[in-house]
Every structure is written in structure tokens, then in C-alpha cells.
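Bear in mind these aren't lab numbers, they're just calculated from the coordinates by the rules spelled out. Computed from a prediction, not measured in an experiment: that's the story for all the values here. Backbone-built Cβ (ideal geometry, glycine too); neighbour counts: all protein chains shown.
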Amino acid sequence: MDGRTFFRAFRGGGGGKNGMSELVRLTEVTKVYQGGITGALNGVSLIVEKGEFTAIMGPSGSGKSTLLNLVAGLDRPTSGSVAVGGTDLGKLGESGLARFRRDNIGFVFQFFYLLPNLTSLENVLIPAQLKGSDATARARELLGQLGIQDIADRFPARLSGGQQQRVAIARALINSPTLLLADEPTGALDTHTGDQVMELLGQLNRDGQTILLVTHDAKLATRHAARVISVMDGKIVDDARLESPERAASEVIRVRSEEASR
Ligand SMILES: Nc1ncnc2c1ncn2[C@@H]1O[C@H](COP(=O)(O)OP(=O)(O)O)[C@@H](O)[C@H]1O
Ligand SMILES: [Mg+2]
């Protein structure tokens, strides 16, 4: 039985939690940047189920951010297709893509990107205002859930890195996105703070949030995510589902992707 068959057997065997359904589908996606000699992505096919906490791991330059940006609809593939929630992003124009992002995607970045002249609460509210809804109560609730309700009226310059990233996470969640994307969210934090942020993401996932996270830290990925996809030179070289996070390596259900066996 090859890896793919095993993969199906495992998934088909009722192993999925709460009857999983597909949220993200990448089909033979390639991305060649202008002036790039080799592709940043080279034929990536991938399905992410609703409710999953997936980590994409790989060395610098392996294509992780490119992959995340394509799923977010921030960029378009050179060939292949990206679908989120059944919507083929290639069929959307620029305004359609912007609406798709606003309604479906929360994005957390390595360097937070909070607006310095707005308070924490005001930063969290930005995406809701773009949507035209008053979400102050929800914003305060989110700040509370993330353990930072007391810094609602502070400006970013007066926050620690960990607090800034929590504000950024609240901002990403304010519109209740179907998918939370995070690109090296702990990359600018010390180990302890990074661990706390990953714990928070884990809690959000246990509460039902689908998360697709990029990291180059294998320890963080395997400790917190239930599925770890390894990328190398723009290709998926490994795809492992852990029965539950924090299990021993021997319990990892390892799946070689089709790409790897080519
Ligand atoms: N906007 C861009 N223009 C040209 N090349 C890019 C651009 N973004 C990324 N690349 C190249 O694509 C490859 C993958 O980059 P990236 O997806 O950022 O990798 P990672 O996030 O894994 O570090 C790298 O070789 C990088 O130099
Ligand atoms: Mg990157």
C-alpha cells in the first residue's frame, strides 16, 4: 500500500474529527515570480480539512509564504488552481478577491503590522469597519479571550511583542474568518512568548478554528499542530498527521505525498 492509499484508508476509517469537510484545495499549483529562474512552488497539491491545525514547515526560501499568500488570495498562481470553501479563487477578479479575503481569511504576520496611531481595540476593529459592522463588544470579548483585555486602550508602542501579536490575532479573528493563516507568528518573539502564542492558537483550534500556520521551527510545529507538512524547494516532501498533538514521534502517522514519490 503506497502512502496515498494509506492516507485515504486513515481518513476513510472514521479518523477525522467531527466528520471533517474540505476547506482548502490546491491542485498542481506552481508559482514562478517575475525574473525567478526556478519556481517558488512546483506542482503543489494539498487539501486542508475544516477544523484542522496544520503547520507548514521548511527552510527559508522553500516557498512557505508563497503558499500561504496564494491561499489568502493575496497573490495568484502561475498555473494550477486554489479553491477555498468551494470557491475557485482564479475565477475572482480583484474586487472579488478583496471581498473573499475580508469575509473568509484572517492573517497573522511575523511583525504584527499594527497601526501605531490606533489603540489595541481600534486596531482589532479595522477589518470589521471595512465590513461596515460595529463589533466593539466582540472585539473586547476577543481581547479577553486572548488575555489582554486590560491593554485595550493602549497604543502598540506601549505593548510587548507578545501583546502586540495577541492584538494582531484578535484583529485577524474579528470577522470570524473560516480560515486563520499565520506566517511565522512566533518568529519575532522569544521562545517563552512564542510558546504562549502557539498555545493560544491551539486553544482557538480546539474551539473549532481552522488554522494554517507557517513556521521553520520543527519543535513548535510538532508540539502544537496536528498535521505537519514539510516543504522543500517548492514541493511538499512530507505530510504527517499526528493522532493528537504532543504525541511521541512513533505515533505519528506518516504520509508520503505524491510529490515526494515522483
Ligand atoms: N515577490 C517575489 N519576487 C521574486 N521572488 C520571490 C518573491 N517572493 C518570494 N520569492 C522567491 O521565492 C522563493 C520562495 O520564497 P518564500 O515563499 O518567501 O519562501 P519562505 O517563506 O519559505 O522563506 C524564494 O526563492 C524567494 O526568493
Ligand atoms: Mg516566509
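Of the residues Leu204, Ile151, Ala135, the one whose Cα sits farthest toward the positive end of the charge dipole of the stretch 125-227, with +1 on the Cβ of Lys and Arg and -1 on the Cβ of Asp and Glu, is Ala135.
Quick one, what does Rg over Rh come out to for the stretch 159-252 if you take C-alpha atoms and the Kirkwood Rh?
Numbers: Rg = 13.6 Å, Rh = 14.1 Å.
Answer for the stretch 159-252: 0.96.
Computed over neighbours whose Cβ is under 15 Å from that of Glu184, the net charge equals -2, Lys and Arg +1, Asp and Glu -1.
Could you pull out every one of the aspartates and glutamates with an alpha carbon less than 13 Å from that of Lys235, ignoring same-chain neighbours closer than 8 positions? In chain and number order, the partners are Glu28, Glu258, Glu259.
Per the helix-only calculation at 222 nm, which mean residue ellipticity applies to the chain, given -39500 (n - 2.57) for every DSSP H run of n ≥ 4 and division by its residues, nearest 500 deg cm²/dmol?
Numbers: 9 runs with 90 residues, N = 262.
After summing the helix terms and dividing by the residues of the chain, the value is -10000 deg cm²/dmol.
Would you mind counting up the charge near Gly85? Only other residues with Cβ under 15 Å from its Cβ, with Lys and Arg at +1 and Asp and Glu at -1.
Numbers: positive: Arg25, Lys50, Lys91, Arg99, Arg101, Arg102; negative: Glu22, Glu49, Glu52, Asp88, Asp103.
Local net charge: +1.
Relative to the Cα centre, the charge distribution of the stretch 167-212, modelled as +1 at Lys and Arg Cβ and -1 at Asp and Glu Cβ, gives a dipole magnitude of about 220 debye.
Please report the antiparallel percentage of DSSP beta bridges with both residues in the chain, rounded to the nearest 5.
On the way: 24 of 42 bridges.
Of all bridge pairs located within the chain, approximately 55 percent are antiparallel.
When you work out D = kT/(6 pi eta Rh) for the stretch 18-142 at 20 °C and 1.002 mPa s, using the Kirkwood radius from C-alpha pairs as Rh and the Stokes-Einstein form, the result is 130 µm²/s. Compared with the dominant Cα axis of the chain, that is its longest principal axis, helix 191-206 is turned about 80°. Between helix 94-104 and the chain there is an angle of about 80 degrees, using the helix long axis and the longest principal axis of the Cα atoms.
If the only charges are +1 at each Lys and Arg Cβ and -1 at each Asp and Glu Cβ, what is the size of the charge dipole of the stretch 63-182 around the Cα centre, to the nearest 20 debye? All intermediate terms of the calculation are to be shown ahead of the outcome.
Values: 13 positive and 9 negative charges, 23 e Å.
It works out to roughly 120 debye.
Normalised size of the chain, defined as Cα radius of gyration per 2.2 N^0.38 Å with N residues, equals 1.00. Percent of Cα pairs in the stretch 127-212 per distance bin of 5 Å, from zero to the largest separation: 3, 14, 25, 26, 21, 9, 2, 0.
Assign unit charges at the C-beta atoms only (+1 for Lys and Arg, -1 for Asp and Glu), then state the dipole size of the chain relative to its Cα centre in Debye, rounded to the nearest 20. Walk me through the numbers before you get to the answer.
On the way: 30 positive and 29 negative charges, 74 e Å.
With Lys and Arg at +1 and Asp and Glu at -1, about 360 debye.
At a temperature of 25 °C and a viscosity of 0.890 mPa s, determine how fast the stretch 36-102 diffuses translationally according to Stokes-Einstein, using the Kirkwood radius over alpha-carbon pairs as Rh; express D in µm²/s, rounded to the nearest whole number.
Details: Rh = 13.1 Å.
Diffusion coefficient, whole number: 187 µm²/s.
Within the set of other residues whose C-beta is less than 9 Å from the C-beta of Thr119, count the net charge using Lys and Arg as +1 and Asp and Glu as -1. Net charge around Thr119: -1. Against the chain, whose longest principal axis is taken from its Cα atoms, helix 120-131 shows a tilt of about 70°.
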